[in-house]
Amino acid sequence: MKKKNGFTPFETMLSFLLNKNGKISKRAVDKTGAGHGRSPEGDLSLTGFTLIEIMLVVIILGVLAAMVVPRLVGRSEEARKSVAKTDIESGLALSLDLYETDSGAYPESLGDLLKSPSNSENWKGPYLKKKPVDPWGHAYVYKYPGTHNTDGYDLLSMGKDGVEGTADDVTNWQED
Ligand SMILES: [Ca+2]
């Protein structure tokens with residue numbers, strides 16, 4: 001093996017590591033001098049423990065990731081349902097009520113909230129910023145007059161399956 005400055009590369013590395021430890025020891029001694037009451041040996045063993053602690057943290061994070069991820073998947077579906085419910089009961093409901101205030105009746109379709117129907121003189125929209133789409137990317141289903149809300153309108157999201165009339169629907173006539 002070729003020697004540099006009389007040392008093999010391994011010896012150079014070893015002396016570098018020892019010097020590093022030497023510096024840590026010196027700092028520990030300085031701390032002791034400042035009144036922290038730690039012996040250099042104590043600090044060195046503390047340095048040794050840090051690696052084990054890092055490994056433990058990595059292992060714990062791995063375990064936590066395995067535990068948390070499936071739960072987040074479930075939560076995101078809950079969050080979508082919550083957004084759909086808010087759209088139906090707040091956002092779209094407010095736009096539809098504004099339309100009803102201006103025009104005297106609810107619109108025939110949700111598209112009338114964005115573009116004036118030809119027969120409406122009192123239309124002051126658009127009442128929505130963009131075409132309403134539920135959190136699963138499907139259009140909201142709107143019926144006026146409603147079958148379930150006979151004095152108003154039916155509004156629903158078809159839910160995750162994209163099919164109307166199944167258990168995952170989010171509607172304006174059912175309490176979750
Ligand atoms: Ca459905």
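What follows draws every value from the coordinates through simple rules; no lab data is involved. If you're wondering where the values come from, they're calculated on a predicted model, not measured in any experiment. Cβ sites come from the backbone with ideal geometry, for glycine too, and all protein chains shown count toward neighbours.
Worth pointing out:
- Cβ crowding within 10 Å averaged over residues, with 52-65, 92-105 ranked highest first: 92-105, 52-65
- Cα shape, region 83-157, gyration tensor, a/c 1.5 rule: oblate
- Within the shell defined by Cβ-Cβ distances under 11 Å, the residues around Met158 carry a net charge of -4, with Lys and Arg each +1 and Asp and Glu each -1.
- Cut-off 9 Å between beta-carbons: net charge of the residues surrounding Gly125, Lys and Arg +1, Asp and Glu -1: 0
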